[in-house]
Each structure stands twice: as C-alpha cells, then as structure tokens.
Amino acid sequence: MRISIDADKCVAVGVCALAAPEVFDQNEDDGVVVLLDATPGPEQYDAVQEAIIRCPAAVIRLEQGGEPERLGEPGPRTEPGPGPQADPVKRTEGDGGA
Ligand code: SF4
C-alpha cells in the first residue's frame with residue numbers, strides 16, 4: 001500500500017498520529033501531519049484505515065494497485081429515478097354521500 005497526504009488541507013487535529021503512530025506524526029510547530037512511512041507494511045493497514053476514516057479533513061489517501069482508494073467517504077450519489085407518479089384523484093363535490 002502507498003499513502004499520500006495533502007498536507008495543505010490538514011487541520012492539525014492529530015487523529016492520524018494517534019491511530020497510526022508508526023505512519024503519521026505531527027509537525028511540532030503547527031501540528032500539521034507528517035508522513036513517516038509512505039509505504040507501510042500490511043500490518044499497518046487497519047491503523048491506516050482508522051486514520052483515514054477519522055481524519056476530519058480527508059487529507060490521507062491510500063493507493064493500492066495504482067488505484068487511489070478514499071476511505072471514509074460516502075460512495076457516489078445516484079439521483080433517484082422518477083419513481084411512480086401518483087395519479088391525480090378527481091374529486092367531485094356536492095354529493096356528500098348518503
Ligand atoms: S487527522 Fe487529518 S487533519 Fe488531523 S492531523 Fe492527521 S491528517 Fe491532519
């Protein structure tokens with residue numbers, strides 16, 4: 001697995017460093033994420049996933065097999081179809097029944 005970060009988007013919360021301290025650290029001055037290991041071993045996968053899911057700014061990107069994988073984000077939205085249209089009900093007034 002290969003990890004990349006977009007440090008410009010980092011809001012310095014530090015959840016990544018807590019979740020995967022062998023992969024992420026924070027800059028001492030401003031708290032911005034520092035990538036310690038861009039190609040961690042598979043034993044770090046769960047910790048990295050946790051960091052990605054918990055990162056509030058979607059800073060961390062995990063790439064596997066050349067395809068970027070964004071975890072913790074909702075999938076593509078699909079527009080709902082037109083669905084069944086209710087037939088207008090004709091109402092007649094005046095009879096009132098009985
Ligand atoms: S969790 Fe995300 S926003 Fe927080 S320090 Fe890490 S990369 Fe930056």
Flagged in region 20-41 as aromatic (Phe, Trp, Tyr) and exposed (fewer than 14 other Cβ atoms within 10 Å of the Cβ), in numbering order, are none
Please name all residue pairs, on different chains or six or more residues apart, with Cβ atoms under 8 Å, provided the first residue is in region 1-28 and is farther than 14 Å from residue 52 by Cβ and more than 9 Å from the ligand (Cβ to nearest atom) and the second residue is part of a loop (DSSP other than H, G, I, E, B) and of a type outside the set (A, V, I, L, M, F, W, C).
22/37; 22/40
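Kindly evaluate residue 51 against the criterion of being part of a helix (DSSP H, G or I), crowded, with 17+ Cβ neighbours inside 10 Å, in contact with an Asp or Glu (Cβ under 8 Å, 6 or more places away or on another chain) and modelled with pLDDT of 95 or more. Don't jump to the end; show me each part of the working.
Working: part of a helix (DSSP H, G or I): yes; crowded, with 17+ Cβ neighbours inside 10 Å: yes; in contact with an Asp or Glu (Cβ under 8 Å, 6 or more places away or on another chain): no; modelled with pLDDT of 95 or more: yes.
No, not satisfied.
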Could you list, in sequence order, the residues of region 37-53 that are more than 15 Å from residue 64 (Cβ to Cβ) and within 12 Å of the ligand (Cβ to nearest atom)?
50, 51, 53
Matching residues in region 1-20 - criterion: being farther than 19 Å from residue 63 by Cα and in a loop (DSSP other than H, G, I, E, B)
11, 12, 13, 14
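The values are calculated or read from the model by the stated rules, or taken from the named source; none is laboratory data. Because the structure is a prediction, the values reported are computed rather than measured. Because the Cβ atoms are built from the backbone with ideal geometry, glycine has one as well, and the counts that use them run over all protein chains shown.
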